[in-house]
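Inspection log for the structure reproduced underneath, given as structure tokens.
The values are calculated or read from the model by the stated rules, or taken from the named source; none is laboratory data. Please read all numbers here as calculations on a predicted model, not as lab measurements. All Cβ positions, glycine included, derive from the backbone under ideal geometry; neighbour counts span all protein chains shown.
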């Protein structure tokens with residue numbers, strides 16, 4: 001006697017959708033297995049055979065068949081109320097963990113860990129981690145920020161961003177700054193080379209052989225850099241660097257320089273030099289807003305690619321390495337493209353001020 005159920009009735013469209021889902025490597029495992037069960041049922045395979053083939057119970061096969069017959073694919077991915085895995089922690093406990101994470105600190109410590117929170121509320125560390133992941137909470141991380149208090153913040157921001165997004169014709173836009181106190185560090189022992197299964201190593205201690213200051217101006221349009229190293233970073237050195245820029249930039253072009261509010265840049269001798277060189281125009285970033293100056297991004301590359309792992313036996317060795325990096329960079333320069341509008345930045349700053357004021361007032 002044949003007790004096999006009749007083939008499950010489905011439309012060509014339903015069969016195609018289930019076939020795609022059954023081959024998926026990204027869909028939830030339960031949904032993939034359910035799709036395979038229904039396809040076998042549509043082919044007329046007995047429930048017991050389907051159960052044995054796919055590792056489920058005959059009761060599950062019958063349940064999935066019945067639900068498909070009544071609902072089709074409308075609620076395919078939903079688990080019926082009262083079914084599935086029951087929550088192992090109450091909603092109140094979850095909210096307590098979130099509240100403690102966001103508004104309190106463990107005794108004698110600056111932030112929560114999974115273990116300290118688990119001990120505090122009486123759950124497992126794995127449970128705490130799942131809750132933090134689900135809510136996007138990362139108490140082990142902290143990011144730095146500072147909102148500028150410059151009274152002319154908006155005016156300076158619009159001026160600088162305007163140069164990036166709409167540079168003037170017959171002019172160059174140079175992002176200029178000094179990278180000060182670059183140390184010539186010499187490690188006390190030879191470094192070990194990278195081998196299979198082991199990263200290269202360097203000693204943790206080092207010898208200092210002096211410092212240098214790099215004056216650099218990044219061309220915002222083409223990414224080339226004008227730079228020179230000097231012993232100090234006073235207004236005298238800045239004037240020498242201005243003279244270098246004046247020599248490097250073709251005479252027919254105006255020079256718009258973006259730089260910070262360091263007192264050296266506003267010295268009376270600098271102002272006198274600028275009065276004699278009217279093609280130069282300085283644009284100052286707001287205070288505490290070095291992120292507006294694109295040369296800072298180039299400084300990061302310089303540090304990561306040429307300085308951090310370098311071994312320098314003297315300041316001349318250090319200067320030679322910096323000059324070599326600039327030389328190679330300028331052969332195939334790559335500009336850093338600014339895309340944020342002044343309005344989008346101001347919107348974020350306003351939100352930041354609101355959040356900061358709320359935190360202070362609590």
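Go through 227, 210, 162 for me and flag whichever is touching a residue at least 40 places away in the same chain (Cβ under 8 Å), on the phi > 0 side of the Ramachandran plot and surrounded by 13 or more Cβ atoms within 10 Å (Cβ to Cβ).
210
When both residues are 6+ apart or on different chains and their Cβ atoms are under 9 Å apart, which pairs have a first residue that lies in the range 120-132 and is loosely packed, with under 13 Cβ neighbours inside 10 Å, and a second that is part of a helix (DSSP H, G or I)?
Every condition considered, the pairs that remain are 122/93; 126/114; 126/118.
Name the residue that is nearest to the chain's Cα centre (by Cα), counting only residues in the range 32-52 that are closer than 17 Å to residue 69 by Cα and exposed (fewer than 15 other Cβ atoms within 10 Å of the Cβ).
Here the residue is 43.
Among the residues of the range 267-316, write down those that are farther than 24 Å from residue 224 by Cβ, part of a helix (DSSP H, G or I) and touching a residue at least 40 places away in the same chain (Cβ under 8 Å).
315
When you look at residue 55, is it surrounded by fewer than 11 Cβ atoms within 10 Å (Cβ to Cβ), assigned by TED's automatic domain parsing to the domain that holds residue 5 and out of contact with any strand residue (DSSP E or B) (no Cβ under 6 Å at 6 or more places or on another chain), yes or no?
When the stated conditions are applied, residue 55 passes them.
Which residues, taken from the range 113-157, are within 30 Å of residue 342 (Cα to Cα), touching a helix residue (DSSP H, G or I) at 6+ places or on another chain (Cβ under 7 Å) and assigned to a helix (DSSP H, G or I)?
154, 157
Among the residues that make up the range 6-18, is at least one of them modelled with pLDDT under 90, in contact with a helix residue (DSSP H, G or I) (Cβ under 9 Å, 6 or more places away or on another chain), buried (at least 16 other Cβ atoms within 10 Å of the Cβ) and outside any helix (DSSP H, G or I)?
Yes, that holds for at least one residue.
With the requirement that a residue be more than 30 Å from residue 147 (Cβ to Cβ) and in contact with a helix residue (DSSP H, G or I) (Cβ under 6 Å, 6 or more places away or on another chain), what does the range 325-352 give you?
Across the range 325-352, the qualifying residue is only 325.
So residue 169 passes all but one of these: (1) touching a residue at least 24 places away in the same chain (Cβ under 8 Å); (2) under 30 Å from residue 342 (Cα atoms); (3) assigned to a loop (DSSP other than H, G, I, E, B). Which condition number does it fail?
(1)
Could you identify the single residue in 146, 138 that is closer than 30 Å to residue 175 by Cβ and out of contact with any strand residue (DSSP E or B) (no Cβ under 7 Å at 6 or more places or on another chain)?
146
Given the options 115, 65, name the one that is surrounded by 11 or more Cβ atoms within 10 Å (Cβ to Cβ) and touching a residue at least 60 places away in the same chain (Cβ under 8 Å).
The unique qualifying residue is 65.
Among the residues of the range 255-266, which ones are more than 20 Å from residue 147 (Cα to Cα) and modelled with pLDDT under 95?
263, 264, 265, 266
Please determine, by comparing only the residues of the range 329-345 that are under 20 Å from residue 228 (Cα atoms) and surrounded by 12 or more Cβ atoms within 10 Å (Cβ to Cβ), which one is nearest to the chain's Cα centre (by Cα).
Result: 335.
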